[in-house]
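What follows is a short report on a single structure.
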Amino acid sequence: DVIRDSSNYADLILMGKRGENANFATEHLGSMLERVVRSAKVPCLVTNREFRQIEEVTLAYDGGTSCRKALDFLVENKYLFGSRRLHVVSCVEGHDQAKASARLTEAEDRLSFARLTGTFEMLSGVVEVAISDYVKESGSGLLILGAYGHTRIRELLIGSTTTQLLRNCHVPVLCFR
């Protein structure tokens, strides 16, 4: 609650991924991580232990409200990201390639208007796996995504894409709500 309240005065919340028991449970997330990210009014940068220079950035874009906030952040901070190689990915589960293509075009138009260029890729398969594999293969040092876009009940039944990406990606993740 203290962190949520302090987000009224902050531009960003920076927190570790694993919490105080990181040495005992290497793939577990910190117990407060999801609660903080869900309740924060500002972006949350969730970091891993090892620092690595960020040369390439991947935006996982699904066209949702929180992803649009992430896209706006990239545009508003283009001088911070403009010198890095930018990857924008949208993932297709099933046969909905037209929607994914439209999402990528939307992101490309918005970034192009801000004079930002990048690689735009349509991925297929299970979202969490496809995006985490892409981040690893591309050498991205930062993943940006819209976080927890569904209800807790749906995520309880199906699982959370955000939680799986935080767990599987071994790079910092910048989450927007």
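The values are calculated or read from the model by the stated rules, or taken from the named source; none is laboratory data. None of the values given here were measured: they were computed from a predicted structure. Protein only, heavy atoms only, side chains kept; ligands, DNA and RNA dropped before computing areas. Shrake-Rupley method; radii C 1.70, N 1.55, O 1.52, S 1.80 Å.
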When the convex hull of its Cα atoms is projected in every direction, mean area for the stretch 86-148 (nm²): 4.5
18 Å Cα-Cα reach of Lys69 towards lysines, excluding residues that sit fewer than 8 places from it in its own chain: Lys41, Lys78
Extension gain from Lys69 to Val42, taking 0.36 nm per residue of separation minus the Cα-Cα distance: 8.7 nm
Rg/Rh (Cα only; Kirkwood hydrodynamic radius) as it applies to the stretch 57-113: 0.98
Solvent accessible area, Å² - Val127, 1.4 Å probe, full protein context: 30
Proximal lysines relative to Lys136, as straight alpha-carbon distance under 18 Å, when same-chain residues fewer than 8 apart are discounted: Lys17
√(5λ) per eigenvalue of the Cα gyration tensor, the stretch 37-177, largest first, Å: 21, 18, 15
